[in-house]
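One structure is given here, and the rest of the page talks about it.
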Amino acid sequence: MKKILFFGLCLMAMASCQQDNKQAQQLALNQQRDSLDKIIAQKDNEINDIMGTLNDIEEGFREISEAEGRVAVAKRGEGASSAARIRENMQFIQSTMQQNRELIGKLRQKLRESTINADQLKRTIDNLTTQLEEKNAELQKLRAELDAKDIHISELDEQIAGLNDNVATLQDEGQRKDQTISTQDKELNTAWFVYGTKKELKDQNILSKGEVLQQNFNKEYFTKIDIRVDKEIKLYSRSAEVLTAHPLSSYTLERDANKQYVLRITNPQQFWSTSKYLVVVVK
């Protein structure tokens, strides 16, 4: 009877453990799903915001083209009314071009702050800047034609000259910012790793009194990598232990055909979020 009771208790304990494990797994899955949903929602919002700005810029260029057409029609007319329509449309063109210039600047800023890695979008912004420069050249040519007909729009002189400077400044700023972004992006995606025996790590002050990466450790001993590219590190050892703190779910330690360990980083952003230094002790 005691044996039967003991056996029954064991079965109940096993069932309880299995239930706890299932609940823990389900909780982990729910958390992962929630995290993915948030990431997807964030990217959707960023894309919608960027596309909205692009649509505004394209609409601005369309309105500029229409206004240029109205100026062309008014040029064929005579008298004060034609000159007034020309002035009105020229002012509209100037105002819309200034608006597009500001929108392109905002679009560059949004792309810098976005989590979206879109080379095509960068090229689109560069093309929009070129289009703005071309429109500015057309505007100056049109103004010269109006001057020849004694339709001098004095209130636009300073604005048009300023726009020309602004377009050049926008290009220079864009190039400088792109260079800065490229440098910052490279720094943000740089990490360092090292593996060695306990003695080797101690000799470089990487491991000291059981603690890792305390004071005055030799940074030159580390290998620099790009976390976007380097996701596999061969350790050339049949014994390996990660000493620095990295989320367990973000990497695996697997043996290759020679039974030597290889560290594979399955989630680079998560793996390097706690430390940009990786230390592995091997034998």
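The values are calculated or read from the model by the stated rules, or taken from the named source; none is laboratory data. Nothing here was measured: the structure is a model prediction, and the numbers come from that model. Using ideal geometry, Cβ is built from the backbone for each residue, glycine included, and neighbour counts are taken over all protein chains shown. Areas reflect the complete protein model, heavy atoms only, side chains present, ligands, DNA and RNA absent. Shrake-Rupley method; radii C 1.70, N 1.55, O 1.52, S 1.80 Å.
Among the residues of the range 203-212, write down those that are open to solvent by less than 80 Å² (accessible area, probe 1.4 Å) and of a type outside the set (A, V, I, L, M). So that I can check it myself, show each step before the final result.
Here is the first cut: in the range 203-212, the residues open to solvent by less than 80 Å² (accessible area, probe 1.4 Å) are 204-208, 210, 212.
If the condition is that a residue be open to solvent by less than 80 Å² (accessible area, probe 1.4 Å) and of a type outside the set (A, V, I, L, M), then Q204, N205, S208, G210 are the ones that fit.
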(message) Being open to solvent by less than 100 Å² (accessible area, probe 1.4 Å) and touching a helix residue (DSSP H, G or I) at 6+ places or on another chain (Cβ under 8 Å) is the filter here; which residues of the range 213-234 pass it?
(response) D226, I227, K231
(message) If I filter the range 227-234 for residues that are in a helix (DSSP H, G or I) and at pLDDT below 90, do I get at least one hit?
(response) no
(request) Mind listing whichever residues of the range 235-250 are assigned to a loop (DSSP other than H, G, I, E, B) and open to solvent by less than 100 Å² (accessible area, probe 1.4 Å)? (result) L235, S237, S239, L243, T244, A245, H246, P247
(request) Among the residues of the range 251-281, write down those that are open to solvent by 30 Å² or more (accessible area, probe 1.4 Å), touching a residue at least 60 places away in the same chain (Cβ under 8 Å) and outside any loop (DSSP other than H, G, I, E, B). (result) Y277
(request) Take the range 183-202 and flag every residue that is closer than 14 Å to V279 by Cα and surrounded by 11 or more Cβ atoms within 10 Å (Cβ to Cβ). (result) A191, W192, F193, V194, Y195, G196, T197, K198, E200, L201, K202
